[in-house]
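Note sheet for the following structure.
The values are calculated or read from the model by the stated rules, or taken from the named source; none is laboratory data. All values reported here derive from a predicted model rather than from experimental measurement. Cβ placement follows ideal geometry from the backbone for every residue including glycine, while neighbour counts extend to all protein chains displayed. Note: accessible area is taken over every heavy atom of the protein model, side chains too, but ligands, DNA and RNA are not part of it. Shrake-Rupley method; radii C 1.70, N 1.55, O 1.52, S 1.80 Å.
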Amino acid sequence: HQLYISASIGISRAQAYSTPEVLQREGYTALYHAKKTAKGKWLHFEPSMAAVSPERLEMEMCLRSALAKNEMRVYYQPQVKLASGAICGAEALLRWKPEGLGTISPAAFIPILEETGLMLEFGRWILQEACRQGIEWRRKTGVQLRMAVNVSAVEFLNPGFVESVEQTLQETGFPPEFLELELTESLLVGDFTQARAIFDRLRGLGILTAVDDFGIGQSSLSYLHELPFHRLKIDQSFTAGITDDEKSRPLVENIIRLASDMGMSTIAEGIEHQDQMDLLRELGCDEGQGYLFAKPLPAEDFLGLWLDHTACCTAKMKR
């Protein structure tokens, strides 16, 4: 394989007021603008670039060393069958706990990972951790749990993505039929032919795919018809209003019916109350996820919850 590698460069000049910290900050500021406006080129720092907040630049600098410093964690949130209450899967979610700063919201740092291209490195790490953890749980329980992993457009459309996923499965021994990649509708906007080719290769490996946050992006029935999705994830904004918003219920009902007619299952995100779960089950939704069942948990805590939950469900069946 021939690899063509480019670099974006930010340059800062020493001034009378410069300190090593100022030079580094100005260099990162120029680098940020180089990547945003002239990828593969270099830019000198200009005072007009300082509109980028120091906090944003500092966060990017910290993210670049976060994996090496072992500051990243993968948490797991259970996915539950609404008919039986049994845990049937887990979604792997990235958490960042830099030393001395506490936990930082994914909403604050995920966009930075995508803008800077760091998501490629972080995405591979998350997939490896999730698959490794899935095998570790199977070793302890004898049961293979379905593992859902979010994939950004940056990762999905990057050359070598499918090969990277396949390599991770081979290295960890995780069975492809239990891996579900969650993809947002936004990545389908653009080169549909390329997306279709990638989907076909994933399907050839036996990997499951799900549409994440269905209904809030640029929804198109055509891609549901042409791409081999296995599951639709109903966005939490619909779940939140399903019991008291007269517009949310028919929307959710029609999403569930559409998925069923097309041979796909459904899972509702953001379930926080029993009445939401009851109504979703009544409407025919297959699975649910949310704080009603559990918040995202570290691996060991998730395992304890799973074992307790399984024992509880088994006891109810015996009755």
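Please go through segment 215-303 and write out the trypsin sites (Lys or Arg not before Pro) that DSSP classes as loop and that have at most 16 other C-beta atoms within 10 Å. List each step's numbers first, then the result.
On the way: sites: ARG231, LYS233, LYS247, ARG257, ARG281; in loops: LYS247.
Hits after loop and neighbour filter: LYS247.
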message: Could you tell me the calculated FRET efficiency between ALA68 and GLU226, based on Cβ-Cβ distance and R0 = 45 angstrom, to the nearest 0.05?
response: 0.65
- request: Kindly express, to the nearest 10 degrees and within the range 0 to 90, the angle between helix 248-261's C-alpha long axis and the longest C-alpha principal axis of the chain.
  value: 80 degrees
message: From the phi angles alone, apply the Karplus equation (6.51, -1.76, 1.60; θ = phi - 60°) to segment 59-67 and give each ³J(HN,Hα) in whole Hz, x where the residue is Gly or Pro.
response: 5, 4, 4, 5, 5, 5, 10, 5, 5
- prompt: How far is helix 106-116 tilted, in degrees, relative to the longest principal axis of the Cα atoms in the chain, given as a value from 0 to 90 rounded to the nearest 10?
  reply: 50 degrees
- prompt: Going down the list LYS35/LYS295; LYS36/LYS295; LYS247/LYS295; LYS35/LYS233; LYS97/LYS233, which pairs span over 31 Å between their C-alpha atoms?
  reply: LYS35/LYS295; LYS36/LYS295; LYS35/LYS233
Most to least accessible of PHE238, PHE302 (protein chains only, probe 1.4 Å): PHE238, PHE302
statement: Note, segment 127-139: 3J(HN,Hα) by Karplus (6.51, -1.76, 1.60, θ = phi - 60°), whole Hz, Gly/Pro = x, goes 4, 4, 5, 5, 5, 4, 5, x, 5, 5, 4, 5, 4
query: By how many degrees, between 0 and 90 and to the nearest 10, does the Cα long axis of helix 192-205 differ from the longest principal axis of the chain?
result: 60 degrees
- line: Over its alpha-carbon atoms, the chain yields an Rg and a Dmax in Å of 21.9, 80
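Go through segment 1-86 and name the trypsin sites (Lys or Arg not before Pro) that are in a DSSP coil and have 16 or fewer other Cβ atoms within 10 Å of their Cβ. Walk me through the numbers on the way to the answer.
Values: sites: ARG13, ARG25, LYS35, LYS36, LYS39, LYS41, ARG56, ARG64, LYS69, ARG73, LYS81; in loops: ARG13, LYS39, LYS41, ARG64, LYS69.
For trypsin sites (Lys or Arg not before Pro) across segment 1-86 that sit outside H, G, I, E and B with at most 16 neighbouring Cβ atoms in 10 Å, the list reads ARG13, LYS39, LYS41, ARG64, LYS69.
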message: Can you tell me, using C-alpha contacts under 8 Å and at least 6 residues apart, the relative contact order of the chain as a whole percent?
response: 15 percent
field: Derived scalar couplings ³J(HN,Hα) [segment 96-103; Karplus, 6.51 cos²θ - 1.76 cosθ + 1.60; whole Hz; x for Gly, Pro]
entry: 10, 10, x, 4, x, 10, x, 6
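So if a site counts as exposed when it's one of the GluC sites (Glu not before Pro), its DSSP state isn't H, G, I, E or B, and it has at most 14 other Cβ atoms within 10 Å, what's the longest stretch of the chain without one?
Working: sites that count: GLU99, GLU246, GLU272.
Of all site-free stretches, the longest is 100-245.
Can you give the FRET efficiency to the nearest 0.05 for GLN2 and GLU171, using r as the Cβ-Cβ distance and R₀ = 22 Å? Working shown, then result.
On the way: r = 24 Å, r/R0 = 1.11.
That gives a FRET efficiency of 0.35.
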task: Provide the descending list of Cα extents for segment 1-119 along its principal axes, expressed in whole angstroms.
output: 68, 43, 25
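Quick one: accessible area per residue over segment 1-126, 1.4 Å probe, rounded to a whole number of Å²?
Details: 7170 Å² over 126 residues.
On a per-residue basis, segment 1-126 sits at 57 Å².
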- prompt: What list of whole percents do you get for P(r) of segment 110-210, with Cα-Cα distances grouped in 5 Å bins up to the one holding the largest distance?
  reply: 2, 12, 24, 25, 19, 11, 5, 2, 0
query: Between MET264, MET147, MET61, which gets the highest mean-square fluctuation from a Gaussian network model of the chain, Cα cutoff 10 Å?
result: MET61
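Over all alpha-carbon pairs in segment 236-319, figure out the percentage whose distance exceeds 20 Å.
Working: 1528 of 3486 pairs.
Value for segment 236-319 (Cα pairs over 20 Å): 44 percent.
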message: With equal scatterers on the alpha carbons only and no solvent term, can you work out the Debye log10 of I(q)/I(0) for segment 223-273 at 0.15, 0.25 1/Å?
response: -0.41, -0.93
